[in-house]
Amino acid sequence: MPAVGNNVARKDGIGKATGRALYADDLVFPGMLHGRTIRSTIPRGRVKSIKLDFDLTGFTVVDHRDVPGRNIVDLIEQDQPFLVERDVRHMAEPILLLAHENLELLNAARVVIEYDEEVPLFDPEQSVGILKAIDIVKGDVDAALAAADLVVEGTYRTGHQEHVYIEPNGVVAVPENGGVAVFGSVQCPFYALKALKCLFGPNAAIRVVQTETGGGFGGKEEYPSMIAGHAALLALKSGRPVKLIYDRVEDMVATTKRHPSIVRHRTGVTRDGRIVAMDVDVLLDGGAYVTLSPVVLSRGCIHAAGPYRCENTRIRGRAVVTNTPPNGAFRGFGAPQTEFAVEVQMDRVADALGMDTVQFRRLNALRSGDTTATGQTLREDTSAVMVLDEAVRRTDFANKRASYRGSNKAIGLSLFFHGAGFTGSGERHLNSRARLDLTETGVRIAVGSTEIGQGTRTMHAQIVADALRVPYENIDVAQPDTSVVADSGPTVASRTCMVVGKILEECAIEMRTRLGDLSPEAYFAQHGGFSVERKYEPPDWIEWDDHTYRGDAYATYGWGCDVAELEIDPDTFEVRPTRLTAVQEFGRPIHPALARGQIEGGTAQGLGFALLERVVMRNGAMANAQLTNYTIPTTLDTPEIDVVMLENPYPGGPFGAKGLGELPMDGPAPAVANALRHYGLDVREVPATPELLSTCASL
Amino acid sequence: MRTAISELNLHRAASVTDALELLRDEQRTPIAGATDLYVALNFGTLTPRKFVDLWPLHELRQISMKQNTLVIGALATYTDVIRSPLVARHLPMLVEAARLVGGPQIQNRGTIGGNVANASPAGDSLPVFAAADATVVLLSASEERRVAFREFYTGYRATVMRPEELLVSIEVPPIDGTQWFRKVGTRAAQAISKVVVAAIRGDVPRVAFGSVGPTVVRAWEAERMLASGASIDDAADALTKDIAPIDDIRSTADYRQRVATNLLRRFWSETARV
Amino acid sequence: MRFTLNGTAVDVGAHPMARLLDVLRVDLGLTGTKEGCGEGECGACTVLIDGQPVCSCLIPVAQAEGTSVVSIEGLGDNHPLQHLFMNEVGAQCGICTPGMILAALSLEATDTPTLDDVKVALAGNLCRCTGYSAIYRAVMKWRGMNGDVATTTAT
């Protein structure tokens, strides 16, 4: 029986369910100190003075002057410091680090900082600081708009979203070999390694080891470089292990969130419902530093025209600076924002035409052979119509759309897609590697991809087992330790299966050839062990131009159609989702139960984005930074999620698999908004809280 | 956990008398279910450093009848209320309220007395007791005081309780009429109320709201309208004089105003005799 | 403070107002109980006190005196719910899992729990990974009920 396609026993063992799995805060080292970050209490200005108003006995104190290398978090740009030197650009910006053996003394230490304050900028629409600009142009949108029979305009907004991984950010830094080992809750150990090498110097002896990680969703993609650097600075100065764990309040206030967006659409259509022009303006609030805004903007813009064919498209994207904590990666990475906008816009266009919303989408949906906004010609693995038809059929959409009118029930849908892997030449630049080791105990996978709940260990082992034609039980997965495993690139962008899994498949095929007819055990007994390491080989047909932003943006796309069924309380505007049907095509599932878990979990997270999760900002910082006041869905808030997994294999993926992790995030918010439109409320913003709905215009 | 535990002092009460004598002699903050304790300490809204633990005092946990008056011990937890046949029969709207507090873990520890004494304007049991014209029974080393619920709160998070007093029980007289309860929270479970209402449709209507003012409020003007035979529209207008909702981190004054009015109408229509 | 922990008598010399969570994790080295929020909202710190699920981040250890406390370690390494949580993918990242399992134990006395019973029993436990469906499947199967609480097809 093959491993791929079956619900094999997971490589995680039972430790997560017994309490034996070790997360960052579970680690204890002899002589360990606790760390604490002293953060700015103003959103913009300069530090004037710092007074340490406590007994320094037993304390380690670190400021920017303690940085041996460069005080820069090395990411896309090099603008963000690990520790403030003088300029403060956002609330909760890290200024000082303390460590002490005694948590009470540590928390009681009083640091008095005086500032020269400046006027902060919070409104992205007022900001002139452009972190990134992207323009995607196809055809002649102005001429097409002028010639269109009908033009519909709309502006759509999404707010911050906080990840709320149930395990907050945390690391333990341990001095070793003249350098430091950092153990922690990270999605991308090699990102942290790169940042630490910049902080300490390229010759510093550093390794980063991922501990069992309690959720990531992008919130532990780039942020851990910061906390790892802080812990490492304290560890090296004190000569002792330092545990730096954020409590929930600090994590929510100080770490990254989803970029808020304002997206403007102008859509030109013919009388019979064909889209002839799409003009889209995307504005993302990047916060105070660049971090990942350029790539979030990139993915958001590439998806901004939705899964529709249109000969004349212009997408103008800007990510701008505000004096708020920098925003960063969050599952979907720009696409949930722009696909919310385009999907609500599509319903509004259909309404304006007097056309059925399904018929309008079906007419305009991308098919094989059509070109996207960047001019990419889609191949056979294009499933927009298939997912739409299945969702509509399965939910009895047309009948409910008619029969719910005038009642407290509503139904709406969204059609969406999600490119798998890094954009354009991104994968080529990442140049990821994967390695298989033949050892005494069997075959070991040595990749930098991390298990964060999505099933990395299991899914990679399944791919290797079948490609190598050995029993799945004989495959081990190495803990991601940067001194041991290959740099497979970050665990993000729905690439861990499709890209890294593919490299592993190639490694396994090569290993199989070398093994000949021998089993791994027999080969080891006769010849000893060996390793196969390979790097990513992009499909030879991909063409992409970073300057014109044209070409094959992604090797393949996942496709989805979500249908949201709601009940609205007319007295209180509370929205109760009764069912969310998620029809998703992602090549084929490697482990069906794990794949279903990604869809159910991502859909629930999308429902939170749609209805419940509102970040309240006051003076440039999150004011509702407690789980009491930032409300994610509980069991009673989450409806039945009906998952349909359709297959349309992608030849370039391992066993036909595409990426899956982010796709489910793109659908729920617009499906919910479109259901609310069906109910009669003109929703153009999420979260669609009862307060918002009580002020919404009626349709 | 940001609070220095070593600076805190806890005395475990051995009996009610022990607790009362201690409170007579020292300033201590009583704790019971403690569901708000560490949150308040960490947030800085609670600065007292000396506490007395009432949790061992089982005699305060009882739910019983005194003739036809329902007596709810201060240490009765939400779970105790949910499981109590007496409360189910005599004060079902309190069972509804208890089911909607937090989740099971909170229901297993949070106490009715704590909810009442904590005096949050969003306390979910408060409108129930306000509508039911309950009596709060306070005990000190020297005397017992019985305070009408409508007189218990003096302002935002302020009660008539003296530092040496313990809240020992809430007494609810028999209720003639249909009980009605509705909580509008931030989500379906683990939610703080944005608007919460308990109402009784008897010979005269009694309606109490939480989260629409600094304390729980009886909708006196609206009640008077309805009792005098005025229309529900007039009563809804009158309601605006009874409540003073604000914008806060969870909701808006406008929303609360609108929803409170809608819920008054909904109560009236749902409890109308057919 | 004397109490029974996972069936064994213990006597801890912690400050009476130390959180039970910290006594378990730090004083006793039992790190299976997790801290997700410190405010009683997420349920990751759930333990049983005299059979009732409570948030250990809210309990002063003095209140554990004389009680029977059960943490995830008390279930050992082979409890059927633990296997089901892994096999049904009720656990993805696993950080909520110990608390979720202990909260689910409250259904042990319920003969034929409905899906609503399960949802209510777990309403105080937040999960960010699963959307809860797989958790219901694991718990329903444990109680011998039909585990298919949501349909799925691959065509």
Exercise. Considering A:240, A:331, A:271, which residue is in a loop (DSSP other than H, G, I, E, B) and outside the structural domain of residue A:382 (by TED's automatic domain parsing)?
Worked result: A:240
Exercise. Going by the structure shown, is residue A:605 at the interface with another protein chain (Cβ under 10 Å from one of its Cβ atoms), of a type outside the set (A, V, I, L, M, F, W, C) and closer than 18 Å to residue A:259 by Cα?
Worked result: yes
For this session: Residue by residue through region B:1-32, note down the ones that are within 14 Å of chain C (Cβ to nearest Cβ), surrounded by fewer than 19 Cβ atoms within 10 Å (Cβ to Cβ) and either more than 18 Å from residue C:62 (Cα to Cα) or among the small types (Gly, Ala, Ser) (or both).
Result: B:2, B:4, B:6, B:14
Exercise. Looking only at region A:651-669, which residues are within 18 Å of residue A:378 (Cα to Cα) and part of a helix (DSSP H, G or I)?
Worked result: A:656, A:663
Exercise. Is region B:164-187 home to any residue that is within 14 Å of chain A (Cβ to nearest Cβ), touching a residue at least 24 places away in the same chain (Cβ under 8 Å) and assigned to a loop (DSSP other than H, G, I, E, B)?
Worked result: yes
Exercise. Out of the residues in region A:10-25 that are facing chain C (nearest Cβ under 8 Å) and in contact (Cβ under 8 Å) with a residue 60 or more places away in the chain, which is nearest to the chain's Cα centre (by Cα)?
Worked result: A:23
For this session: Please tell me if residue A:70 is in a loop (DSSP other than H, G, I, E, B), outside the structural domain of residue A:331 (by TED's automatic domain parsing) and modelled with pLDDT of 95 or more.
Result: yes
Exercise. If you go through region A:186-235, how many residues are in a loop (DSSP other than H, G, I, E, B), more than 14 Å from every other protein chain (Cβ to nearest Cβ) and out of contact with any Lys or Arg (no Cβ under 9 Å at 6 or more places or on another chain)?
Worked result: 4
Problem set entry | Test set (1) modelled with pLDDT of 95 or more; (2) buried (at least 17 other Cβ atoms within 10 Å of the Cβ); (3) not polar (S, T, N, Q) - residue A:530 fails condition number | (2)
Seminar exercise, completed: Selection from region A:17-59 of residues assigned to a loop (DSSP other than H, G, I, E, B), closer than 27 Å to residue A:321 by Cα and out of contact with any Gly (no Cβ under 7 Å at 6 or more places or on another chain) yields A:40, A:41, A:42, A:44
For this session: Scan A:33, A:83, A:97 and give me the residue that is in contact (Cβ under 8 Å) with a residue 12 or more places away in the chain, closer than 22 Å to residue A:245 by Cβ and more than 30 Å from the chain's Cα centre (by Cα).
Result: A:33
Seminar exercise, completed: The residue that is surrounded by the fewest Cβ atoms within 10 Å (Cβ to Cβ), considering only those in region A:613-640 that are among the hydroxyl-bearing types (Ser, Thr, Tyr) and assigned to a loop (DSSP other than H, G, I, E, B), is A:628
Exercise. If you take the residues in region A:426-452 that are within 19 Å of the chain's Cα centre (by Cα) and at pLDDT below 95, which one is farthest from residue A:658 (Cα to Cα)?
Worked result: A:430
For this session: Collect the residues in region A:591-602 that are under 15 Å from the mean Cα position of the chain (by Cα) and at the interface with chain C (Cβ under 7 Å from one of its Cβ atoms), keeping them in residue-number order.
Result: A:601
Problem set entry | Unique residue being of a type in the set (A, V, I, L, M), under 20 Å from the mean Cα position of the chain (by Cα) and in a helix (DSSP H, G or I) when the list is A:363, A:284, A:297, A:388 | A:297
For this session: Output the residue which, of all residues in region A:613-624 that are touching a Phe, Trp or Tyr at 6+ places or on another chain (Cβ under 9 Å) and within 8 Å of another protein chain (Cβ to nearest Cβ), is farthest from residue A:414 (Cα to Cα).
Result: A:624
Exercise. Only one residue in B:205, B:173, B:163 is within 27 Å of residue B:106 (Cα to Cα) and not polar (S, T, N, Q). Which one?
Worked result: B:163
Exercise. Considering only helices (runs of 4 or more DSSP H) fully contained in region B:198-274, which possess at least 1 residues that are surrounded by 15 or more Cβ atoms within 10 Å (Cβ to Cβ) and within 14 Å of chain A (Cβ to nearest Cβ)?
Worked result: B:232-242, B:253-270
Problem set entry | Filter result for the condition that a residue is among the basic types (Lys, Arg), more than 10 Å from chain C (Cβ to nearest Cβ) and touching a residue at least 12 places away in the same chain (Cβ under 8 Å), over A:534, A:579 | A:534
Problem set entry | Residues that are part of a loop (DSSP other than H, G, I, E, B) and among the hydrophobic types (A, V, I, L, M, F, W, C), drawn from region A:300-316 | A:304, A:305, A:310
For this session: Looking at (1) more than 14 Å from chain B (Cβ to nearest Cβ); (2) under 30 Å from residue A:678 (Cα atoms), find the lone condition where residue A:520 falls short.
Result: (2)
Exercise. Given the conditions (1) at pLDDT below 95; (2) over 20 Å from residue A:660 (Cβ atoms), and given that residue A:567 satisfies all but one, which numbered condition is not satisfied?
Worked result: (1)
Exercise. Of all residues in region B:34-55, how many are in contact with a strand residue (DSSP E or B) (Cβ under 8 Å, 6 or more places away or on another chain) and more than 8 Å from every other protein chain (Cβ to nearest Cβ)?
Worked result: 6
Exercise. Which is of a type outside the set (Gly, Ala, Ser) and either closer than 21 Å to residue A:453 by Cβ or not assigned by TED's automatic domain parsing to the domain that holds residue C:14 (or both), of C:130, C:67?
Worked result: C:130
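The values are calculated or read from the model by the stated rules, or taken from the named source; none is laboratory data. Values in this document were obtained by computation on a predicted structure and should not be read as measured data. A quick note on method: Cβ atoms are made from the backbone with ideal geometry, for glycine too, and the neighbour counts reach across all protein chains shown.
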